[in-house]
1. Can you tell me which of 86-95, 68-77 comes out highest on packing, and rank the rest after it, using the mean Cβ neighbours within 10 Å?
2. For the chain, what does -39500 (n - 2.57) per DSSP helix run (n ≥ 4), summed and divided by total residues, give at 222 nm, in deg cm²/dmol to the nearest 500?
3. Distance from the Cα centre of the range 53-72 to that of the range 192-221, in angstrom?
4. What number comes out for accessible area per residue over the chain if the probe is 1.4 Å? Units Å², please.
5. Could you derive backbone 3J(HN,Hα) for the range 178-183 from the dihedral phi with the Karplus parameters 6.51, -1.76 and 1.60 (θ = phi - 60°), listing whole Hz in sequence and x where the residue is Gly or Pro?
6. Among residues other than Glu140 whose Cβ falls under 15 Å from its Cβ, what is the net charge (Lys/Arg +1, Asp/Glu -1)?
7. Out of the total accessible area of the chain (probe 1.4 Å, heavy atoms of protein only), what percent is carbon and sulfur?
8. Just order 135-143, 235-243, 34-42 by mean Cβ neighbour count inside 10 Å, highest at the front, would you?
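The values are calculated or read from the model by the stated rules, or taken from the named source; none is laboratory data. All values reported here derive from a predicted model rather than from experimental measurement. Cβ sites come from the backbone with ideal geometry, for glycine too, and all protein chains shown count toward neighbours. Just the protein is used for accessible areas: all its heavy atoms, side chains included, with ligands, DNA and RNA removed. Shrake-Rupley method; radii C 1.70, N 1.55, O 1.52, S 1.80 Å.
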Amino acid sequence: MENVKAVPAALQTKRIKINFPLNLRKLFKQSIVLVLLALVWEFAPLTGFADPAFLPPFTDVIQALWNLILSGELFHHFAASMVRSLSGFALALVIAIPLGLTIGWYPLARELLNPVMELFRNTAALALLPVFMLILGIGETSKIAIVLFACTWPILLNTIAAVGNVDPLLIKSARSMNISSFKLFVKVILPASVPTIFTGIRMAGTGAILVLIAAEMVGAKEGLGYLITYSQYNFEIPEMFAGILTIALLGLIINQGLSMMERKLSKWKQQVNG
């Protein structure tokens with residue numbers, strides 16, 4: 001009876017040795033650099049390699065972040081920034097994707113609009129911020145407009161490239177089946193364009209936050225950019241770094257979320273390749 005009871009325990013131990021080390025090893029590889037960076041950040045000011053007045057220890061920044069969360073101040077600024085960035089990002093999706101599909105599919109549209117695109121694609125969004133503020137004021141409209149402008153170009157250009165780079169063999173095979181142009185566009189062009197389009201969407205998602213933060217530093221009374229600038233002016237350095245850390249985490253979450261959405265929408269391509 002003792003031998004019978006010992007067998008499941010041995011099997012269980014063997015199963016743990018096979019499964020868990022792989023997961024722990026992967027987690028270790030993904031987090032080791034971040035952990036080392038946090039340790040350097042923590043001990044550099046404590047050991048005198050950095051001035052604590054300008055670079056507070058990492059634990060002080062986490063404490064400031066936690067205090068901002070408890071007071072509700074961080075959520076207030078976070079919500080203001082998210083409303084602005086999501087509004088501009090959503091408008092860019094609605095405008096840029098259909099326009100990019102049209103330009104990529106119709107050569108005449110590409111020839112007519114290409115000079116305008118080349119002009120504005122090379123214009124930095126922040127360089128136009130004073131123009132947006134003069135025309136639209138310093139309220140919410142100008143901030144949403146600058147995000148819309150910044151997000152439109154990566155989505156638009158990647159959408160045009162996606163349509164133009166579809167494998168010609170796919171198009172010839174579909175046309176050999178005598179399907180209509182509309183079905184060819186919906187069944188072949190759009191699915192094949194999804195990965196490249198999402199590359200532009202991911203670039204725009206990150207850019208939406210960065211451009212908005214810069215705009216909020218210039219003319220705003222709420223938002224993460226305002227929080228950072230206000231903390232700097234009042235020499236609340238831990239709070240300033242807490243705002244910067246929040247932006248970094250937000251960008252990471254947005255990028256991971258868009259990556260997951262891309263994998264779901266392009267699952268057919270993964271199945272073909274795998």
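1. Going by the mean number of other Cβ atoms within 10 Å, highest first, we get 86-95, 68-77.
2. For the chain, the value works out to -28500 deg cm²/dmol.
3. When both Cα centres are located, 26 Å separates them.
4. 62
5. 6, 8, 6, 4, 5, 5
6. With Lys, Arg at +1 and Asp, Glu at -1, the neighbours total +1.
7. Heavy-atom surface of the chain belonging to carbon and sulfur, 1.4 Å probe: 69 percent.
8. Ranking the peptides 135-143, 235-243, 34-42 by packing returns 235-243, 135-143, 34-42.
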